[in-house]
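Enquirer: Could you have a look at this structure, given as structure tokens, before my questions?
The values are calculated or read from the model by the stated rules, or taken from the named source; none is laboratory data. Just so you know, these numbers come straight off a predicted model, no measurement behind them. Note that we place each Cβ from the backbone using ideal geometry, even for glycine, and neighbour counts take in every protein chain shown.
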Amino acid sequence: MRSLFHKTIALFLLGFTVVSCQDKDDPNYQYMPDMYEPVSYETYGEYKVFENGQEAKLPVEGTVARGWMPYEYQNNVQDAAEAKANLTNPLPYTEDNLNEGKQLYTIYCAVCHGDKGAGKGILVEREKILGVPSYDDAGRAITEGSVYHVMYYGLNNMGSYASQTSIEERWQITHYVMSLKDQLEGNPEREFEEETSAKTNLYPSKADADLYQDAGEEDSTMENENGQETANNQTETQE
């Protein structure tokens with residue numbers, strides 16, 4: 001027994017000596033080398049194959065990430081005013097879109113804004129937050145563009161919901177918010193539009209808003225011209 005004990009101690013000391021004498025610059029055997037040497041480049045790693053030696057590169061100018069589209073209105077006062085005035089909902093006002101918007105509103109918005117949009121959500125009633133305005137507040141005069149813009153960037157105590165909702169979902173919520181505004185103001189219920197088979201462009205840009213605005217001005221001009229022409233004809237007839 002004593003001999004076995006001595007041999008065990010000797011082997012332990014021998015192994016400890018071998019390990020302690022190892023050159024730290026010389027790596028050990030790798031049983032799973034793919035865990036140490038990945039095929040892809042490491043994020044922010046330094047590699048000589050790149051011009052600046054850095055793996056992280058800026059995207060090619062004019063390109064966007066797959067599955068993502070830019071929102072041209074920036075998070076500032078000027079663009080917020082432009083979005084409020086010019087940005088319109090590209091989704092048709094259908095029963096399906098309104099119902100989907102209601103469900104999403106209940107999940108994300110009602111806790112603060114209330115089920116009726118009067119700013120009396122459960123957090124307000126429990127005095128966890130204060131100052132949530134009603135959708136019919138004349139001083140705010142919300143529009144489809146302002147509702148979407150605030151959901152995208154957030155405003156004051158309200159954070160952004162761009163990461164929790166898709167573009168389509170934000171427009172559906174916008175439909176429901178505007179319907180609550182109409183109810184609070186006592187406006188007649190809006191009639192549903194027909195669902196179209198054409199693909200809806202959910203990424204309206206500033207250029208699109210300008211086109212819509214120009215088209216509206218042209219229609220208004222034509223109406224005024226037609227009205228003036230009719231009035232002139234009536235005057236000539238009376239004469």
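Enquirer: Would you confirm whether any residue within segment 60-75 is under 18 Å from the mean Cα position of the chain (by Cα), modelled with pLDDT of 85 or more, in a helix (DSSP H, G or I) and among the charged types (D, E, K, R)?
Expert: no
Enquirer: Another question, if that's okay. Identify, by number, the condition in (1) within 30 Å of GLU194 (Cβ to Cβ); (2) in contact (Cβ under 8 Å) with a residue 60 or more places away in the chain; (3) touching a Phe, Trp or Tyr at 6+ places or on another chain (Cβ under 6 Å) that ASN75 doesn't meet.
Expert: The single condition ASN75 does not satisfy is (1).
Enquirer: If I filter segment 77-98 for residues that are over 25 Å from the mean Cα position of the chain (by Cα) and either surrounded by 10 or more Cβ atoms within 10 Å (Cβ to Cβ) or closer than 30 Å to TYR176 by Cβ (or both), do I get at least one hit?
Expert: Checking segment 77-98: not a single residue is over 25 Å from the mean Cα position of the chain (by Cα) and either surrounded by 10 or more Cβ atoms within 10 Å (Cβ to Cβ) or closer than 30 Å to TYR176 by Cβ (or both).
Quick grid of which residues meet (1) farther than 20 Å from GLN103 by Cα; (2) surrounded by 19 or more Cβ atoms within 10 Å (Cβ to Cβ); (3) at pLDDT below 95:
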| residue | (1), (2), (3) |
| --- | --- |
| GLU144 | no, yes, no |
| ALA162 | no, no, yes |
| SER166 | no, no, yes |
| ASP182 | no, no, no |
| ARG190 | no, no, yes |
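Enquirer: Only one of GLU82, GLU51 is assigned to a loop (DSSP other than H, G, I, E, B) and either under 30 Å from TYR161 (Cβ atoms) or not aliphatic (A, V, I, L, M) (or both); which?
Expert: GLU51
Enquirer: On the given criteria, is ARG170 among the basic types (Lys, Arg), over 20 Å from the mean Cα position of the chain (by Cα) and modelled with pLDDT of 85 or more?
Expert: It is false that ARG170 is among the basic types (Lys, Arg), over 20 Å from the mean Cα position of the chain (by Cα) and modelled with pLDDT of 85 or more.
Enquirer: So which of GLY101, GLY121, GLY114 is in contact with a Lys or Arg (Cβ under 6 Å, 6 or more places away or on another chain) and surrounded by 15 or more Cβ atoms within 10 Å (Cβ to Cβ)?
Expert: Unique residue meeting the criteria: GLY114.
Enquirer: Out of GLY131, GLY117, I need the residue that is among the small types (Gly, Ala, Ser), within 24 Å of ALA85 (Cα to Cα) and either more than 24 Å from the chain's Cα centre (by Cα) or assigned to a loop (DSSP other than H, G, I, E, B) (or both). Which one?
Expert: Going through GLY131, GLY117 in turn, the sole match is GLY117.
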